[in-house]
Amino acid sequence: MMKPRFLTLVGMIAMAAIARVMPHPWNVSPVAAMALFGGAEFDNRIAAFGVPLLAMFTSDIILGFSSQTPLIYLCFALIVLIGFWIKKDISVGRIALGSAASSVLFFAGTNFGTWASESIYPKTLQGLTMCYEAGLPFFQNTFLGDLGYTAILFGAFYLASRAFPVLSDARAS
């Protein structure tokens, strides 16, 4: 039988994935927050990677895949690892720093992938710089969206676990 904590975490990530397919401003998405939250809150490492990746994959079936999808999923998995770091000592500071690091990692990784795999930019340092510069206007929304969704997921789960002690992490007992 599945435990209430596990089911609640799965439900929250599923709701975030649903928010991803609903209309929203460009680059304001729960993607990084789902991975960060999964890495920090699931007790089982397979679930920490598997549940957010499955939620991402399910929403991608609706939204569509691109040539960058493998790189996006790699960045997503690396963000789960940042969640593992948060899990060592969950605090507002670590969560905020993890969210910021996730935004930068995703921006750096996906823009590098665009530069490396597309013919839009020359394969020079100048071309790479141009690619990153072109992505900067989108980074603000990514950063704010990641921070907002991270705050919602972690904050809602914190409040729920205070109201329903059965959701508390077994390690904290």
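For the reader, a short list of remarks on this structure follows.
- Cβ pairs under 6 Å, 6+ apart, first in the stretch 105-133 and over 23 Å from Leu81 (Cα atoms), second aliphatic (A, V, I, L, M) and in a helix (DSSP H, G or I): Trp115/Leu128; Tyr121/Met130
- One residue stands out in the stretch 122-170 among those that are among the aromatic types (Phe, Trp, Tyr) and closer than 22 Å to Phe76 by Cα: the one that is nearest to the chain's Cα centre (by Cα), namely Tyr149.
- The residue of the stretch 79-100 that is farthest from the chain's Cα centre (by Cα), among those that are closer than 12 Å to Glu41 by Cα and among the basic types (Lys, Arg), is Lys88.
- Selected residue (criterion: nearest to Gly50 (Cα to Cα)) from residues of the stretch 78-107 that are exposed (fewer than 14 other Cβ atoms within 10 Å of the Cβ) and among the small types (Gly, Ala, Ser): Ser91
- Test for Thr110: is it part of a helix (DSSP H, G or I) and surrounded by fewer than 13 Cβ atoms within 10 Å (Cβ to Cβ): no
Each value in this text was obtained by applying a stated rule to the coordinates, not by laboratory testing. Worth saying up front: this structure is predicted, and the values here are computed from it rather than measured. Glycine gets a Cβ as well: all are built from the backbone with ideal geometry, and neighbour counts include every protein chain shown.
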